[in-house]
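Below you'll find the structure, written out as structure tokens, and then a few comments.
The values are calculated or read from the model by the stated rules, or taken from the named source; none is laboratory data. Predicted, not measured: the structure shown is a model, and the values here were computed from it. With ideal geometry, Cβ positions are generated from the backbone for all residues, glycine too; neighbour counts draw on all protein chains shown. Areas reflect the complete protein model, heavy atoms only, side chains present, ligands, DNA and RNA absent. Shrake-Rupley method; radii C 1.70, N 1.55, O 1.52, S 1.80 Å.
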Amino acid sequence: EGALYTREEVPAGARFVAWANLSADASDLEGEILLGKRTSAGNGRAMVTVTTGALSWPSAAAGSRDVRVQLLSPALVRGDDGHPRRSLDAAAWEELAELEHGHIESVEERSILVKRGSFMAPWSHPRAALTCLQAGSCWRLRTTDDTAATKLRRWLDEHPLIGERTHEGLGWIAV
């Protein structure tokens, strides 16, 4: 329900999904793990399962025009109208990465929306929940040429966070 660093709890049965590039035999990662505080009292028990082939995007070769981005935490990205974006299309990525219009020719997206609140520690006050792109959302961005792909990768490497409320843990990305 809330971010793990807030004073809220993760409800029993909550699922967290992430995309990972693992070796062919990742079965040693599966099993029970303990998260958070008071694990000796039975809290924080979680199961890790690995499902292969959930995302079938081929690996990007060196010099590829494809750039893949995954959200590691929910992201609040607003559009020109000030409302939270429901998705990130080519124009949105070009605006974020400060690329000229037309440098990203296509976007393949797997994203979900989620309502997300947070906590203002200095005032001990919760913030209102807003629509965010859910952690685990992925994009494959196809650029028009290698130069645009290099520029996009460089920008993403220098900016590991996108959107607003990044100081609250929102918007972490992996490339």
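Number of residues in region 37-52 that are part of a loop (DSSP other than H, G, I, E, B) and either touching a helix residue (DSSP H, G or I) at 6+ places or on another chain (Cβ under 8 Å) or open to solvent by less than 100 Å² (accessible area, probe 1.4 Å) (or both) equals 4. Considered as a group, the residues in region 1-31 that are in a loop (DSSP other than H, G, I, E, B) and of a type in the set (Ser, Thr, Tyr) include one that is modelled with the highest pLDDT, and that residue is Ser23. Under the condition of being in contact with a strand residue (DSSP E or B) (Cβ under 6 Å, 6 or more places away or on another chain) and of a type in the set (Asp, Glu), which residue from region 141-171 is surrounded by the most Cβ atoms within 10 Å (Cβ to Cβ)? Once the filter is applied, the top-ranked residue is Glu168.
Taking region 98-112 as the range and being under 21 Å from Ser137 (Cα atoms) and at pLDDT 85 or above as the test, the residues that pass are Ile104, Glu105, Ser106, Val107, Glu108, Glu109, Arg110.
State yes or no: is Leu34 at pLDDT below 65, open to solvent by 70 Å² or more (accessible area, probe 1.4 Å), among the hydrophobic types (A, V, I, L, M, F, W, C) and touching a Gly at 6+ places or on another chain (Cβ under 8 Å)? No, not satisfied.
The C-beta contact set for region 76-103 (first residue over 17 Å from Leu161 (Cα atoms), second residue open to solvent by less than 40 Å² (accessible area, probe 1.4 Å) and not in a helix (DSSP H, G or I), distance under 6 angstrom, 6+ apart or interchain) comprises Ala90/Ile104; His103/Thr143.
Cβ-Cβ distances below 6 Å connect the following pairs, each with a first residue in region 114-139 that is at positive phi, a second residue that is open to solvent by 50 Å² or more (accessible area, probe 1.4 Å), and a separation of six or more residues or different chains: Gly136/Val17; Gly136/Ala18.
Only one entry of Ser118, Ser137, Ser111 meets the criterion of being under 20 Å from Phe16 (Cβ atoms), surrounded by 14 or more Cβ atoms within 10 Å (Cβ to Cβ) and touching a Pro at 6+ places or on another chain (Cβ under 8 Å), and that entry is Ser118. Identify all residues within region 62-108 that are closer than 16 Å to Arg153 by Cα, among the basic types (Lys, Arg) and open to solvent by 60 Å² or more (accessible area, probe 1.4 Å); write none if there are none. Residue satisfying the conditions is Arg65 alone.
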